[in-house]
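Please treat every number below as a calculation from the coordinates, not as lab data. Computed from a prediction, not measured in an experiment: that's the story for all the values here.
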Amino acid sequence: MHEIPPASGLEPAQPQPAGRVLSRSLGLGIKFVLLVSTILFLTLGAMTVYRVNAQDEKLQAHLKEEGTILGRFVALISPEAILAFDFES
C-alpha cells in the first residue's frame, strides 16, 4: 500500500496540559471580560442574599407587630361581648 505523506509537512501537535491550552486559546480581552463578569456575579449575588434576608426580617417583624396590635384589640373588646352573651359581633 501507498503511504500518504502529510499535506502541510508539519508534525502532529503534541497534547498540552489543560491549563495551558485554555491560557493560550483565550485572548487578553476575553480573560478581562471573564474576570469582570465573575467579580460582578459574586458581588451582586452576595448583595442579593443580604437584601433578601433583610427584607424577610422586616416582613416578619411587621407581621408580629400586626399580630400584637390585633391581639390587644380583641382583648379590649372581648370582655363586653362575652359578658353580654353577644356571640354574633
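For Val36 and Glu57, the difference between the fully extended length at 0.36 nm per residue and the C-alpha to C-alpha distance is 4.4 nm. Scalar couplings 3J(HN,Hα) for the range 41-53, obtained by applying the Karplus form with A = 6.51, B = -1.76, C = 1.60 to θ = phi - 60°, are 4, 5, 5, 5, x, 5, 5, 5, 4, 4, 5, 5, 5 Hz; x denotes Gly and Pro.
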